[in-house]
Amino acid sequence: MIFGCTVFIRNTMLKTRTFVLCISRSYTAKAKRTVLAQDKTKIKEYSPKTMDSHEHRVYVWGFQETGALGIQTNVKKAKERYTEMVHHPTRLQFSNNNEITDVAAGYGFTAYAVKRDDGETLFGSGLNTDSQLGFQVKGNPYDPANLDVIIYPTAIKLPRVQGETDDDMRVKSMSAGRAHLVVLTQNGTIFTLGNNSYGQCGRSIIEEERYSKSALVHRISQEDICGKEDEVLQVECGQDHSMFLTKKGRVYTCGWGADGQTGQGNYHTAGQITLIGGDIEKEKIVRLSCSSDCVLALNEAGDAFGWGNSEYGQLDDSELAETQINIPRALKLTKSIGKIKDVAAGGSFCMALNDQGLVYTWGFGILGFGPFVEQTSKPQHLLPPLFGRNDFSNETTVVSIGCGVFHMGAVNSDGDLFMWGKNRFGHLGLGHKKDQFFPFKTAINGKVTKVAYGVDHTIALCKAFF
């Protein structure tokens, strides 16, 4: 038994009174122990419900009017003025309901590789003027009659042969050009869709062929490209040409070759997929990059090669350098960089990442060195603090790079994305349309694993922080 007594003294002009107030509270020894050492089995456990259980989430930003971002579901709303651009990374609702494994960005359209139970493996949104997203029909009476623009992700039907399973049709690699799409599936089949005016779909060029509302999906076996003893690992699209990289490190190309971007030793268009040689003939190429008409390739030893447009000295900085190179050449200007891990080729500039995590840029454009440097013929490296390295995070380094025609990006080891370059359509995701002259971190709620750089929009494939 515990007694508590409080004494109150009241002082008046004549008399002083004292009151004693006693309050008693009783504790048992057992109850006191329960308070001090609470039974953990009585504590209610709370497990918050996550929004979805998918491994990846997708964020999109940039020019929305083409439908490439796939975030609109209402035709009337999509036509409203204020929906023209999305300046901040916005989570794609489609990724909440589907497991997206890969993304590719073309000129005003986007392709999504998905893993679903119903057998659908490929979706697309955006411009479909040349049937680069397949033959699409009205889904409901409120859809526009002319489906040249698809405002939300819609299934792209890939034709199957007897015996092909859903696993066979999973997307292994894909890439998008100006108006065509190339998809490689797990069983080694290549599908090409869209414009074939220059043979970029790997088939014969048909004069005055109509591409709008076309149901044609060209199917190519990898054996027809590289034989039975090799296999295609990566597909890469330039503006109007296509490239195929095999397990043995060989490169095959087709399409528009006016700047030598097919690397076939001429400046002609080619509908026939052809093995290219030059300085990469005896090399094992492990990486290809192209967003327009300049191509960079990387071998397993970390040496860079290039071909195509070199009007700004991207591939050769000598005085008598050619402006169009039609056969792969080893790059001399990157020899001082060291061993290269990754490369990226833009419209008028190039990027390289070495094994020290340093990012190099050269060519013409917004290269990341400020508003007063717009051209350099020698690769120059950007300082590591621009990509998140500081006294509190001195191990942070860049792990991958990429670019569109007018903008560049780099992902660091923390999963942060830094972007810079032209920003007319808000495709840097910085909340405005002003050009960005230094790398700047884009606010994305996730760890970035892959970025697809379109000409006016950007798509990021991310994983959750926890």
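The values are calculated or read from the model by the stated rules, or taken from the named source; none is laboratory data. If you're wondering where the values come from, they're calculated on a predicted model, not measured in any experiment. We place every Cβ from the backbone using ideal geometry, glycine too, and count neighbours over all the protein chains shown. Heads up: the accessible areas ignore ligands, DNA and RNA and are worked out on the full protein's heavy atoms, side chains in. Shrake-Rupley method; radii C 1.70, N 1.55, O 1.52, S 1.80 Å.
Worth a mention:
- Qualifying positions in region 321-337 - open to solvent by less than 20 Å² (accessible area, probe 1.4 Å), out of contact with any helix residue (DSSP H, G or I) (no Cβ under 6 Å at 6 or more places or on another chain) and not hydroxyl-bearing (Ser, Thr, Tyr): 325, 331, 333, 337
- With respect to the conditions (1) closer than 22 Å to residue 283 by Cα; (2) at pLDDT 95 or above; (3) more than 24 Å from the chain's Cα centre (by Cα); (4) open to solvent by less than 50 Å² (accessible area, probe 1.4 Å), residue 227 lacks only one, and its number is (2).
- Of all residue pairs spaced 6 or more apart or on separate chains, those with beta-carbon atoms under 7 Å, a first member in region 265-285 that is more than 18 Å from residue 309 (Cβ to Cβ) and a second member that is open to solvent by 70 Å² or more (accessible area, probe 1.4 Å) are 271/204; 275/250; 284/248; 284/300.
- Taking every residue in region 286-309 that is touching a residue at least 24 places away in the same chain (Cβ under 8 Å) and pairing it with any residue that is charged (D, E, K, R) and part of a strand (DSSP E or B), at least 6 positions away or on another chain, the pairs with Cβ-Cβ distances below 6 Å are 288/236; 290/236; 298/287.
- Residue 248 meets each of the listed conditions (1) under 28 Å from the mean Cα position of the chain (by Cα); (2) within 27 Å of residue 405 (Cβ to Cβ); (3) of a type outside the set (Ser, Thr, Tyr) apart from (2).
- Of the residues making up region 385-397, those that are in contact (Cβ under 8 Å) with a residue 40 or more places away in the chain and part of a loop (DSSP other than H, G, I, E, B) are 388, 397.
- Taking region 285-320 as the range and being touching a strand residue (DSSP E or B) at 6+ places or on another chain (Cβ under 6 Å), assigned to a loop (DSSP other than H, G, I, E, B) and open to solvent by 50 Å² or more (accessible area, probe 1.4 Å) as the test, the residues that pass are 300, 312, 317.
- Close Cβ contacts (under 6 Å, 6 or more residues apart or on different chains) running from residues in region 222-242 that are touching a residue at least 40 places away in the same chain (Cβ under 8 Å) to residues that are of a type in the set (Phe, Trp, Tyr) comprise 225/244; 225/252; 232/244; 235/244; 240/198; 240/256; 241/256.
- Matching strands (runs of 3 or more DSSP E) fully within region 338-384 where at least 1 residues are open to solvent by 10 Å² or more (accessible area, probe 1.4 Å) and within 17 Å of residue 303 (Cβ to Cβ): 340-345, 359-364, 375-382
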